[in-house]
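> Provided herewith is a single structure, encoded as structure tokens, for subsequent inquiry.
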Amino acid sequence: MWLREETAPPARLAQVNKVLGPVLVTGATGTTGRRVVDWLARVGAEARAVSRSSETPFDWTKPDTWQAALSGVRSVYLVPDGSPGPEAITRFCGLAASEGVASIVLASTREAEYPGYERYLAVERAVKGGGTAWTMMRPSWFDQNFHTHFDDPVRSGLLALPTAEGRDPFIDAEDIAAVAVKALTEPGHEGKAYHVTGPEALSFGDAVARISELTGLTVRYEPLTEEEYIDRMMGFGMPEDDARHYAVDYRPVAAGNNDSTTDDVRRILGRPPRSFDDFVRSAVVARIWPPRSA
């Protein structure tokens, strides 16, 4: 099966619940957050999944919601999207430490140390200085981006990006979540940064060729310059500042900085990361993309 069941034996389940207590999951409706919630259930750990509309509400812009979310939890999966910035993360981590939280697993990015990504590095520093043990998750680009962020271009048949022929070892968000749950529920991951990647580096052209081969879609890739990309996004109605902000995200790929793989997934999970082809096949099975006609 594409999604391997990895559940803990009964003795392990009891140990997880006894030692850890609840795990706070911020960004619990996002690409990795909801999968972390699912994986925690598989290993028998209690998840406290929070959002603005959850039973225990959590809102980065309302610090008075943070303490109730943190009360009694032993570890946190921290997705900083939507936070006001590193200052808020510093305040949150300090509160977590005062509430007895033992460790924080941060959803960061592989490009945290790349010029233009200083905001991510600042958040990492805030977590490291926050008074709890920490683990950094630095994944490569998500497979799932192709049916979320890039879904309309993929379905229209043209994906045009300022990534040149640069490659990235796209990773399945299920693997990111599985590694994060190991760090949240088992000792030995403290003070480490995991650069989790898929098994092979692909260009965006390679990726859409695989999608075309394995689905009923026909997609081609067109490389753009940054200015061409910005003009195109502005033509779709995006404000120029936003378009320039998003253009920065593609620079590490275009520069060839992302084309290496790591063995972090294999070391931590005891199996290789899932391939991009398996991701595409699963999207067909899930009816996200149409099957190829016989």
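The values are calculated or read from the model by the stated rules, or taken from the named source; none is laboratory data. In this text, all values refer to a predicted model and were calculated from it rather than measured experimentally. Glycine also receives a Cβ, built like all others from the backbone with ideal geometry; neighbour counts cover every protein chain displayed.
> Right, F142: within 25 Å of R292 (Cα to Cα), at pLDDT 95 or above, touching a helix residue (DSSP H, G or I) at 6+ places or on another chain (Cβ under 6 Å) and not small (G, A, S) or not? Give the derivation first.
Details: within 25 Å of R292 (Cα to Cα): yes; at pLDDT 95 or above: yes; touching a helix residue (DSSP H, G or I) at 6+ places or on another chain (Cβ under 6 Å): yes; not small (G, A, S): yes.
It is true that F142 is within 25 Å of R292 (Cα to Cα), at pLDDT 95 or above, touching a helix residue (DSSP H, G or I) at 6+ places or on another chain (Cβ under 6 Å) and not small (G, A, S).
> With the condition kept exactly as written, say whether any residue in region 193-206 is under 18 Å from the mean Cα position of the chain (by Cα), among the small types (G, A, S), more than 27 Å from W289 (Cβ to Cβ) and not in a helix (DSSP H, G or I).
Yes: region 193-206 contains one or more residues that are under 18 Å from the mean Cα position of the chain (by Cα), among the small types (G, A, S), more than 27 Å from W289 (Cβ to Cβ) and not in a helix (DSSP H, G or I).
> Might you check whether a residue that is under 15 Å from D168 (Cβ atoms), more than 19 Å from the chain's Cα centre (by Cα) and touching a residue at least 60 places away in the same chain (Cβ under 8 Å) occurs anywhere in region 221-234?
Going through region 221-234, the residues under 15 Å from D168 (Cβ atoms) turn out to be 221, 223.
When the remaining residues are screened for being more than 19 Å from the chain's Cα centre (by Cα), the result is 221, 223.
Right, trim to touching a residue at least 60 places away in the same chain (Cβ under 8 Å) and you get 221, 223.
Checked region 221-234: at least one residue is under 15 Å from D168 (Cβ atoms), more than 19 Å from the chain's Cα centre (by Cα) and touching a residue at least 60 places away in the same chain (Cβ under 8 Å).
> Now, a different point. State which residue is farthest from the chain's Cα centre (by Cα) when the search covers only region 250-289 and only residues that are part of a loop (DSSP other than H, G, I, E, B) and among the charged types (D, E, K, R). Talk me through it step by step, then tell me what you get.
Kept after step one, since they are part of a loop (DSSP other than H, G, I, E, B), are these residues of region 250-289: 250, 255-263, 270-275, 286-289.
From the residues that got through so far, the ones that are among the charged types (D, E, K, R) too are 259, 263, 271, 274, 287.
Details: D259: 18, D263: 17, R271: 19, R274: 15, R287: 22 Å.
That would be R287.
> Might you let me know whether region 124-137 holds any residue that is within 20 Å of A286 (Cα to Cα) and either among the β-branched types (V, I, T) or touching a strand residue (DSSP E or B) at 6+ places or on another chain (Cβ under 7 Å) (or both)? Break it down stepwise before answering.
Keep residues of region 124-137 that are within 20 Å of A286 (Cα to Cα), which gives none.
No: zero hits.
> Among all residue pairs at least 6 apart or on different chains, which show Cβ distances below 8 Å where the first residue, located in region 173-187, is under 17 Å from D263 (Cα atoms) and surrounded by fewer than 24 Cβ atoms within 10 Å (Cβ to Cβ) and the second is of a type outside the set (V, I, T) and modelled with pLDDT under 95?
E174/L3
> Specify the residue that is surrounded by the fewest Cβ atoms within 10 Å (Cβ to Cβ); the eligible residues are those in region 266-290 that are among the hydrophobic types (A, V, I, L, M, F, W, C) and farther than 20 Å from P139 by Cβ. So that I can check it myself, show each step before the final result.
Let us first name the residues in region 266-290 that are among the hydrophobic types (A, V, I, L, M, F, W, C), namely 268-269, 276, 279-280, 283-286, 288-289.
Checking which are farther than 20 Å from P139 by Cβ leaves us with 284-286, 288-289.
Working: V284: 17, V285: 13, A286: 10, I288: 15, W289: 22.
The residue in question is A286.
> Only residues that are among the aliphatic types (A, V, I, L, M), within 19 Å of T135 (Cα to Cα) and over 21 Å from the mean Cα position of the chain (by Cα): list them for region 64-105, please. Working first, answer last.
Taking region 64-105 first, the residues among the aliphatic types (A, V, I, L, M) are 68-70, 73, 76, 78-79, 88-89, 95-97, 101-102, 104-105.
Of the ones still in play, those that are also within 19 Å of T135 (Cα to Cα) are 70, 73, 76, 78-79, 88-89, 95-97, 101-102, 104-105.
Scanning region 64-105 gives L70, V73, L95, A96, A97, V101, A102.
> Please find, among T135, T218, the residue that is surrounded by fewer than 16 Cβ atoms within 10 Å (Cβ to Cβ), touching a helix residue (DSSP H, G or I) at 6+ places or on another chain (Cβ under 7 Å) and either among the hydroxyl-bearing types (S, T, Y) or farther than 25 Å from R266 by Cβ (or both).
On the way: T135 fails: surrounded by fewer than 16 Cβ atoms within 10 Å (Cβ to Cβ).
Within the list T135, T218, the selection yields T218.
> What helices (runs of 4 or more DSSP H) lie completely within region 74-174 and have 1 or more residues being closer than 22 Å to R48 by Cα and touching a Cys at 6+ places or on another chain (Cβ under 7 Å)? Reasoning before the result, please.
Values: elements: 86-98, 118-128, 151-156.
Result: 118-128.
> Please verify whether region 236-243 includes one or more residues that are in contact with a Lys or Arg (Cβ under 8 Å, 6 or more places away or on another chain) and in a loop (DSSP other than H, G, I, E, B). Step through it out loud before you land on a result.
Filtering region 236-243 for residues in contact with a Lys or Arg (Cβ under 8 Å, 6 or more places away or on another chain) gives none.
Within region 236-243, not a single residue is in contact with a Lys or Arg (Cβ under 8 Å, 6 or more places away or on another chain) and in a loop (DSSP other than H, G, I, E, B).
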